[in-house]
1. Scan the stretch 228-246 for residues that are part of a helix (DSSP H, G or I), in contact (Cβ under 8 Å) with a residue 60 or more places away in the chain and either surrounded by fewer than 20 Cβ atoms within 10 Å (Cβ to Cβ) or β-branched (Val, Ile, Thr) (or both) and report the count.
2. When the stretch 92-119 is examined, which residues are found to be among the charged types (D, E, K, R) and either in a helix (DSSP H, G or I) or in the same structural domain as ASP166 (by TED's automatic domain parsing) (or both)?
3. Does SER369 count as among the polar types (S, T, N, Q), closer than 29 Å to ASN421 by Cα and either at pLDDT below 95 or not in a loop (DSSP other than H, G, I, E, B) (or both)?
4. From (1) touching a residue at least 24 places away in the same chain (Cβ under 8 Å); (2) under 17 Å from ALA380 (Cβ atoms), pick out the condition that doesn't hold for HIS292.
5. Filter the stretch 1-51 down to the residues that are free of Cβ contacts under 8 Å to residues at least 24 places away in the same chain and small (Gly, Ala, Ser) and list them by number.
6. Looking only at the stretch 81-102, decide whether some residue is buried (at least 17 other Cβ atoms within 10 Å of the Cβ) and closer than 18 Å to ILE8 by Cα.
7. For the stretch 186-201, which positions are outside any loop (DSSP other than H, G, I, E, B) and closer than 13 Å to ALA238 by Cα?
8. Quick one: in the stretch 254-282, which of the residues that are modelled with pLDDT under 95 and β-branched (Val, Ile, Thr) is farthest from ARG241 (Cα to Cα)?
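The values are calculated or read from the model by the stated rules, or taken from the named source; none is laboratory data. A quick note: this is a predicted structure, and the numbers were derived from the prediction, not measured. Glycine also receives a Cβ, built like all others from the backbone with ideal geometry; neighbour counts cover every protein chain displayed.
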Amino acid sequence: TSDVSHWIRSQYGVDQPDMALAVVYQRRAFNARPRAYHEVANEVLHYAIGDVTYSEGIHDDVNKWFWFRKLWNPRKSAKEITREYCRYWFGPDAEEEMIGAIFQMEENMEKPVLTNDGMVLAIKHLRAARDKIPDNLMKRDFRWRMMMQKALLDRYIQLRLTGGEDLKGRAVVFLREAGEGRDPAENLRKALNILSEPEQTDEMIKIKNEVLAIGDESNEIIGYREPAYYVVDEYDLAEIRWWIREIERALVGKEVDMANAANMIYRYEDPGEGGYFERIGWPYDRIHLKEHENILGYFPFTGPARISQFSMGYSWQKRDAHMLLVYEDLDPESEYVIRLSTGFHCEPLEQAFDYNPIQILEANGKVISEEVPHPIGDTALSEYAIPRELTGEGRLEIVLRTNYEFPVVGLSGIWLMKSGNMPWKLGRN
């Protein structure tokens, strides 16, 4: 059985998609991948006598067609099979534009959103094709409508991110001033005013209205509309709401802590000179993480958030549930501090748990803390000093173990920093 239904975290899924796309679409959305499935089929089908596809909807319509045509004639190219699909469903006059749209949308699933000009190009292909699809086909078509909803929402997400980057770039000017101790309260307020500007532009409103209208049509035809339309604004894709929340918290706190808070906001992942930071969990590369599991470590949640908080490395349901990270070539003369980002959102667990698990932190076999928080339905940051004698030989093994009857440990981010070079600290100046 071949899973052609899921585009991420699946049998043949995209390994490292842009997290913004993964968060909004989850595993199911229009996901035609002719080039990828052609390559996969060439690798695996000669070990099989026939095959059956696994599907959870019509969003994978292209993939199902493609897979069975590839089984029927393994020598056909990805473009030849895609041409057959487009000619049959959209007519010969529209086939070239539809081929271009399908191949471009496959690329769009694999590239960073912010710098991808293909988001606009896919829409251009689809609009050009629309004028060439015969009326008798278009009247009952759901395929073009399904693709167009996805292409438009891709562009909407891109505009969310580019607009967010602009707001943050302008706000950072004042956060930097606040972080250096120059009238931090006033500069935090100026940054907050910028970040409070509307995230949604006129172009974005127009796109959402078009998605809604096309979705109404496809819903009438076959009972399908792109579900991401209803949730795309719920997620803090550009982290703007997180920035706003942290500034508001800083402004009601002590002025002496405001500079540190400003640095935390715009230098969140910065470990300082000689330090390390890693996002833990899918889909990120993890250089120092050696033992964990991560197939289920992906829990996007709505509301203010850092993108890195949506995924986590974890160890689950083992007798000795633990995670291991190894650092080498450390400075033996420096004192180090570990900072952990823990906790995750998962509705079934939130309903089942009446407590928040805690974890044990070990460094080179020495217990550093037996009360590392791991909140369910929330996130937490915590810091721990590492005794200098533990890093005297330049090597550090960090182990996170469960400290409760339920065997689960996990974290979404980890910093290992030289104590004198930390850009910001938790709860202190």
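1. Looking only at that region, the number is 5.
2. Across the stretch 92-119, the qualifying residues are GLU95, GLU96, GLU97, GLU106, GLU107.
3. In short, yes.
4. With respect to (1) touching a residue at least 24 places away in the same chain (Cβ under 8 Å); (2) under 17 Å from ALA380 (Cβ atoms), HIS292 is out only on (2).
5. Result: SER10, GLY13, ALA48, GLY50.
6. There is at least one residue in the stretch 81-102 that is buried (at least 17 other Cβ atoms within 10 Å of the Cβ) and closer than 18 Å to ILE8 by Cα.
7. The one that is outside any loop (DSSP other than H, G, I, E, B) and closer than 13 Å to ALA238 by Cα: LEU195.
8. Checked the stretch 254-282; the qualifying residue farthest from ARG241 (Cα to Cα) is VAL256.
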